[in-house]
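Undergrad: Sharing a structure with you now.
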Amino acid sequence: EENFDFYEPMTVHESSLSPCVHSILAAKLGREEKAVEMYLRTARLDLDDYNAEAYQGLHITSMAGTWMSVVEGFGGFQVKEGIPHFNTMLPSNWSSFSFKLRFRNRTLEVKVASTGVEVQRLDGDVLQIVVNGVAREV
């Protein structure tokens, strides 16, 4: 947190990787406004042509960073001791979000809404997960 508070204000975020990393960190720190700001910056980098270089091609890293911001940032996805953990944050002006991911030959679909978090295993064997600190099996 100290490093984020020190370095983020000095960072110009011109790299296509910078906003997504800061979005993920801000979400993990519970800084919703900064997490959303950096998410929008990474998601809209080429759409709004922030760096005036979209004519040269698109930033694939920013596209991947958009997914990472949702999954690792707002979805809070981490693997701890081989178990998927989701520590979610639903931005106040979003009604919901969802994503799918593959984990050890299983497809998981995660839906986050104001009513709660739903995780479904779409294929593969039963899996132990942790959602917002609560262990469950899917």
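We did not get these values from a lab; they are worked out from the coordinates using the rules stated. A quick note: this is a predicted structure, and the numbers were derived from the prediction, not measured. Note that each Cβ is placed from the backbone with ideal geometry, even for glycine, and that neighbours are counted across all protein chains shown.
Undergrad: Being of a type in the set (A, V, I, L, M, F, W, C) and in contact with a strand residue (DSSP E or B) (Cβ under 7 Å, 6 or more places away or on another chain) narrows it down to one residue among VAL71, VAL134; which is it?
TA: It is VAL71.
Undergrad: Another question, if that's okay. Given the range 64-138, what strands (runs of 3 or more DSSP E) lie entirely inside it while holding 2 or more residues that are surrounded by 13 or more Cβ atoms within 10 Å (Cβ to Cβ)?
TA: It comes to 77-80, 83-86, 96-103, 106-113, 116-123, 128-131.
Undergrad: Which residue pairs have Cβ atoms closer than 6 Å, lie 6 or more positions apart in sequence or on different chains, and pair a first residue in the range 19-39 that is assigned to a helix (DSSP H, G or I) with a second residue that is buried (at least 24 other Cβ atoms within 10 Å of the Cβ) and charged (D, E, K, R)?
TA: Here the result reads none, with nothing in the range 19-39 linked to a residue that is buried (at least 24 other Cβ atoms within 10 Å of the Cβ) and charged (D, E, K, R).
Undergrad: I would also like to ask the following. For GLU72, indicate whether it is under 16 Å from LYS28 (Cα atoms) and among the acidic types (Asp, Glu).
TA: yes
Undergrad: Further question: Taking the range 40-49, which residues are surrounded by 14 or more Cβ atoms within 10 Å (Cβ to Cβ) and free of Cβ contacts under 8 Å to residues at least 24 places away in the same chain?
TA: Listed by number, the residues that qualify are LEU40, ARG44, ASP46.
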